[in-house]
Amino acid sequence: MTRTLQYPFALVVLLFLGGCATTPDLTDLQKQVQMLALQQESAAQQEQQGRERLSTIESQLDEHDFLVGELIKTEEEANLDTRHLLEKLERTSAMLRGQIEKTRTSTQRRDQDLSIRVKAIEARIDNLINRPRSRSTQVKSPSSQSPKANQKESTPTPSSKTPSPPTGSQVENEASAFRSAYKVYLNGNYDRASTEFQRFVKHYPSTALTPQAFFYLGQSLYVQQQYDPAQQALQHIVSKFPNTKYRSQALYRLGQIMLETDQRSKAQSLWNQVIQDYPDSPEANTAKEQLKKAGMS
């Protein structure tokens, strides 16, 4: 307050000492000085109130980090300068992604268990449908032929022999083997999981569960930073099982392997392929984020 009145008061003193102002003039000047002092005091109070409001807003932002996302969404509409919050977002982003990953893993666990059961039931239904056909083929034979001729004719040659449909026990064994390997994977024992999935794809190279087994084999190897065998397992899905939902996931993970092995151009190509081939998939959204984060968008 003293500093605020210092300049006008000094001016009045100079005018008084110099004899350049009369008594009424000095009175008017004093009134003006007082009015200015009141205005400045009011402005100072408003400034203090503004600072207190800003302090309150900052404390609320510290307590409610989750509102930052909404503030960023309205940034373009309201032209707010929220660049100073980016560092805080980076710190909370890792925690949020970890929670999302846990939720996704839990969801995948339920989906995979349900998928295993559905595939096993589908295989049993297919087995029941195909079983009468094989019996009718064996019964069908000319009545005039002798039993030896019938037996000879019904025995297929190696070149014409077709694989018989899986029995119920075979389907159950397949589902059980996959379930066992998948539980090991969910428990975080990736070394053992990769061994069990390798055993699975060796015994069941072309079943309904094979693409999933190759994907989790690649995942297990990727976590262990065994990038070459992981790449081979994931590439097998892309080339041998192009119509499965695991192809988009395999392409995305291959892009990560390329990035971590300093092959940025290949990573960019793979992620762009995910975005182009599967624009509505979760992997497409994640690929866009990775391209932007890596400065390749």
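Read-outs: derived from the displayed coordinates by stated rules, not from any lab. Please read all numbers here as calculations on a predicted model, not as lab measurements. Quick reminder, even Gly has a Cβ in these numbers, built from the backbone with ideal geometry, and neighbours come from all protein chains shown.
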Check: Over the alpha carbons of segment 221-297, what is the largest minus smallest coordinate on each principal axis, giving the biggest first in Å?
Finding: 28, 28, 18
Notebook entry, point to check: Which order do Ile57, Ile275 fall in if you start with the one that has the fewest other Cβ atoms within 10 Å?
Noted result: Ile57, Ile275
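Give me the percent of Cα-Cα pairs in segment 20-64 that sit more than 16 Å apart, rounded to a whole number. Intermediate results must be reported in sequence, preceding the final value.
Numbers: 593 of 990 pairs.
It works out to 60 percent of all Cα pairs.
Tell me, in nm to one decimal, what length is gained between Glu47 and Arg192 on full extension, where the rule is 0.36 nm per residue of separation less the Cα-Cα distance? The partial results should precede the final answer.
Details: separation 145, 0.36 × 145 = 52.20 nm, distance 6.56 nm.
Separation in residues times 0.36 nm, less the Cα-Cα distance, equals 45.6 nm.
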Checklist line | Proxy reagent accessibility, fewest Cβ within 10 Å first, across Met35, Met258 | finding: Met35, Met258
